[in-house]
Amino acid sequence: MDFLKKQITISKKREYKICKRCVMDTSDPWIEFDSKGICNHCNTYFEKRFIKDNSLDQSNNSLEEMFDKIKKNRKKESKYDVAVGISGGVDSSYVVYLANKAGLRILAVHMDNCWDTPIAIQNINNLISLKNVDYCCEVLKWKDFRNIQRILIESGLPDIELPTDSAIAAVLARKASEFGVRTILSGGNNSSEGILPSAWMYNTKDSLFIKSIFRKAGESPDLFKSIKYGFRDDFKYRFFYKLKTFYPLNTFKYDKEKAKDILRGEINWQSYGGKHCECIFTKFCQLIYQPKRHGMDYRRAHLSTDICNSRITRKEAINILKVPPWADLD
């Protein structure tokens, strides 16, 4: 049996099915199909895109107006207009580039979990050399974070990236409030991340769930405390520190390949391979652990988004998925 047919982690009682428009399938146990065989993921994506493209308020959500509003609300007591979490990846790098071109004063924040690739480090160094971009990095305690990741792997849960995702949010909010920044710019976007099954990931704000993982492993939940970003933390930063998050890449038709070309020419940015592969552990998680242990191939979600944006055909996507995600690893 080829790899394509092995990518199933659903109940054995459910018959395998794949969407007739994109390539999402029953490896997502919560997927639903309409009478035409079209899945809820791409149907929802097109509904959201239609609403955005036809919004009467669309003219008020342009990139220029977003940046102008931020500059207009500058605080004299703060040295920076915005904080941006950077990883060396294309999305966050492009947000910094755009904000810098608009004249914003930027605090670039990096959460270092000790898994950065050399290319990602070089991209970060090139990015923070831009004028009006200051850099702040928090390196996690390796011994503690290594134990946290071990506990997640041994739990057998699919989303072993939960600690990293929580740490990113915690560090960014902490550093923004420390430097008096009230606006965070995120590289998150619908163009490349519009389809992500909820069953494949966990809510980083669900502290009760996280504590249960550690208790079941016979470990103290306090180990997670330094990188925790629960609902209470989110409430504290949003309502007490008045932190607001904006998504610049959702204000226009974001073309990731074009962004890469611009970054290559402007800051000598280099590609690190697949999506989110600027982190070695993420690369292991998405290209080896999840597909081999849980039948979850993140490429399905990314390729399905590309199909919905006419960047690739469904046939091309299916041919890509016939090759295991770990096939081209060094």
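The table for this structure:
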quantity: Spin-label zone in segment 125-168 - amide nitrogen under 12 Å from a point set 7 Å from the Cα of D68 along the C-beta vector; calculated: none
quantity: Fraction of antiparallel bridges per DSSP, the chain only, in percent to nearest 5; calculated: 15 percent
quantity: Kyte-Doolittle at least -0.5, axis length at least 20 Å by Cα - qualifying DSSP helices, the chain; calculated: 162-178
quantity: Surface per residue (accessible, 1.4 Å probe) for the chain, Å²; calculated: 53 Å²
quantity: Those aspartates and glutamates that a straight Cα-Cα span of less than 15 Å connects to K72, excepting residues fewer than 8 apart in one chain; calculated: E64, D81
quantity: Net length gained if the chain between A217 and S271 were fully extended (0.36 nm per residue, minus Cα distance); calculated: 15.7 nm
quantity: Straight-distance crosslink candidates among lysines, where the alpha carbon sits under 22 Å from K228 and sequence neighbours closer than 8 are dropped; calculated: K141, K143, K175, K205, K211, K216, K236, K242, K244
quantity: FRET E, pair K253, Q122, Förster distance 35 Å, beta-carbon r, rounded to 0.05; calculated: 0.75
quantity: Carbon plus sulfur fraction of accessible area for the chain, probe 1.4 Å, in percent; calculated: 52 percent
quantity: Shape category assigned to segment 173-330 from the gyration tensor of Cα positions, a/c cut at 1.5; calculated: oblate
quantity: For H110, distant residues with modelled amide H under 5 Å away; calculated: I86, C136, C137, E138
quantity: Gain in span if fully extended, K141 to S78, counting 0.36 nm per residue against the direct Cα distance; calculated: 19.8 nm
quantity: Calculated [θ] (222 nm, deg cm²/dmol) that DSSP helices of n ≥ 4 give over the chain, each run adding -39,500 (n - 2.57); calculated: -12000 deg cm²/dmol
quantity: Dipole magnitude of segment 150-272 about its Cα centre (Cβ charges: Lys, Arg +1; Asp, Glu -1), debye to nearest 20; calculated: 500 debye
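The values are calculated or read from the model by the stated rules, or taken from the named source; none is laboratory data. Note that this is a predicted model, so its numbers are computed, not measured. All Cβ positions, glycine included, derive from the backbone under ideal geometry; neighbour counts span all protein chains shown. To get the accessible areas, we keep the full protein, side chains included, count just its heavy atoms, and leave off ligands, DNA and RNA. Shrake-Rupley method; radii C 1.70, N 1.55, O 1.52, S 1.80 Å.
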